[in-house]
1. Over the chain, what is the relative contact order in percent, taking alpha-carbon pairs closer than 8 angstrom and at least six residues apart?
2. Can you give the relative contact order of the stretch 348-458 as a percent, counting alpha carbon pairs under 8 Å and 6+ residues apart?
3. How would the stretch 363-409 be classified by its alpha-carbon gyration tensor: rounded, prolate or oblate, with rounded meaning a/c under 1.5 and the a/b versus b/c comparison settling the rest?
4. Grab the other residues whose beta carbon is less than 14 angstrom from that of residue 375, score K and R as +1, D and E as -1, and report the net.
5. 7 Å from Cα along Cα→Cβ at both residue 159 and residue 259: what's the point-to-point distance in nm?
6. Between beta-carbons, use under 12 Å as the cut-off and find the net charge around residue 36, counting Lys and Arg +1, Asp and Glu -1.
7. If packing is taken as the mean number of other Cβ atoms within 10 Å per residue, what is the order of 135-144, 85-94, highest first?
8. What order, most packed first, do the peptides 160-173, 1-14, 66-79 have when packing is the mean number of other Cβ atoms within 10 Å of each residue?
Amino acid sequence: MKDISCKLLVIGAGPGGYVCAIRAGQLGIDTVIVEERKPGGTCLNVGCIPSKALIHAAEEYDRIVHLASGKNPLGITTTKPELDLSQTIAWKDTIVGRLNSGVSGLLKKSKVKMVQGRARFRDGKTVEVETETGQQIIRAENVVIATGSAPVELPSLPFGETVISSTEALALTSVPEKLVVVGGGYIGLELGTAFAKMGAKVTVVEAQARILPQYDAELTRPVAKKLQALGIDVMTRAKARGLAKAGGTLLVEAESGSEVQLAADKILVTVGRRPVTQGWGMEELVLDMDGPFIRIDERCQTSMRGIYAIGDVTGEPMLAHRAMAQGEMVAEIVAGHKRVWDKRAIPAVCFTDPEIVAVGLTPDEAQKAGSEVRVGHFPFSANGRAMTKLGEEGFVRVLARADNHLILGIQAVGQGVSELSAAFGLAIEMGARLEDIAGTIHAHPTQGEAFQESALKSLGRELHI
Ligand SMILES: Cc1cc2nc3c(=O)[nH]c(=O)nc-3n(C[C@H](O)[C@H](O)[C@H](O)COP(=O)(O)OP(=O)(O)OC[C@H]3O[C@@H](n4cnc5c(N)ncnc54)[C@H](O)[C@@H]3O)c2cc1C
């Protein structure tokens, strides 16, 4: 097979890699992208998109179950629905398939050459790829490492038939009767909630003192309340120790120190993700590392000239939109544009029930940083649109510098608040002050009005509370 020489080689076609390659192609850079699985990476194939498809299906099912129970105030009656998870999964797969083709099409349109297979570094400028038709050598002036992340496996709970990762959970064709979720972070709770809504008896085992420990307690309280309402048992300060000899039972060390046995048809382990930095020759380049992650500067440049790294391999926050923004920036840098990472905030969303959005600093973080802040807090119980959606749980919280009212952070918890993340991110990126948000006409009736009201409240000018 003839060797390929190019200006830019991207390894991994997840959101970081494919966006980088598309932008590079648009800029006329001779670009090759290598992917061992399917275009779209974790996010599109086994992450963001399939999980949201499953969550949506579970919400629809749960809504109808709730209506069928007769205990709803809307005056709707219906019969109990049935769920065929294999059909739900087939529907999810069609969405993934459409997006796979979409990414391939966009790469083609940008004249990016796609090589299918696993890449392995020979040296910092040369990669060999095992393709279906033999070994392909690729030489590049610049290389972008975008190999992403994989689920962390617990030594005491190796993945197998009963113990599964999020990838297998998104491909189950029947709802497990009893599901234990080890790890109460966003991935575990999103999937655990979906399976509970689909009828599984779910238990969450979390080692820390509360679920979603990276968010403050005020934000996570409505989620904890809903987990309880769904019948999900949450064990905090509890450690999964392994399977009982008979199998199908998880041994857990409870907060008290005593051993609890949890019967389980499936045990979903969501205790984090590890960067894919080993087993494909990258370690032989001896790049500077930051713990398990590749160390990068504000241009995503690694310690080796001409080698960049983007996305989950570069550390937290491991989010698709961060990877994409890094990818776009690196393509422009390779094209000779002057770019540095100057983003002020990266929104984070938990698609739990209710949803959580966090952008910028929280009150605790601002306090630790020694900033004097003012905080505005507006509950959805005072928001008309939320009432009409039976979504009164939750609030919007805005915090700003006390002296000049520059907004430092915005958080919300509530039904459907993920869609407010764009407004929150924009406000921080544009350097908005409280007066800018308070003075912007927000359409009525929308949940977004709670954002305006939280700004008004922090200024002592609240109107609807
Ligand atoms: C269940 C779940 C839900 C999630 N939900 C969200 C969400 O709602 N929002 C959000 O922002 N993020 C979410 N994430 C995280 C998100 O998926 C990642 O942050 C994102 O995919 C990272 O993009 P990436 O390009 O860095 O890597 P990845 O998407 O992991 O892509 C890396 C690609 O590189 C390929 N690769 C690796 N090694 C090689 C090699 N040697 N040769 C060739 N190819 C290679 C892999 O096959 C893979 O396709 C979720 C993750 C999971 C697991």
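1. Values: 1005 pairs, mean separation 67.9, N = 465.
Rounded, it is 15 percent for the chain.
2. Working: 236 pairs, mean separation 35.1, N = 111.
After rounding, I find 32 percent.
3. Working: a/c = 4.70, a/b = 2.76, b/c = 1.70.
Prolate.
4. On the way: positive: 374, 397, 401, 457; negative: 216, 218, 364, 365, 372, 453, 462.
Neighbour charge sum, excluding residue 375 itself: -3.
5. Placing both labels 7 Å beyond Cα along the Cβ direction yields 2.8 nm.
6. Details: positive: 37, 38, 118, 120; negative: 35, 130, 132.
It works out to a net charge of +1.
7. Numbers: 135-144: 19.9, 85-94: 15.2.
Listed from highest to lowest mean packing, they are 135-144, 85-94.
8. So the peptides 160-173, 1-14, 66-79, ranked by packing, come out 1-14, 160-173, 66-79.
Each reported figure results from applying straightforward, stated rules to the coordinates on display, with no laboratory input. Only a predicted model underlies this, so the values are computations on that prediction, with no experimental measurement involved. All Cβ positions, even for glycine, are placed from backbone atoms using ideal geometry, and neighbour counts span all protein chains on display.
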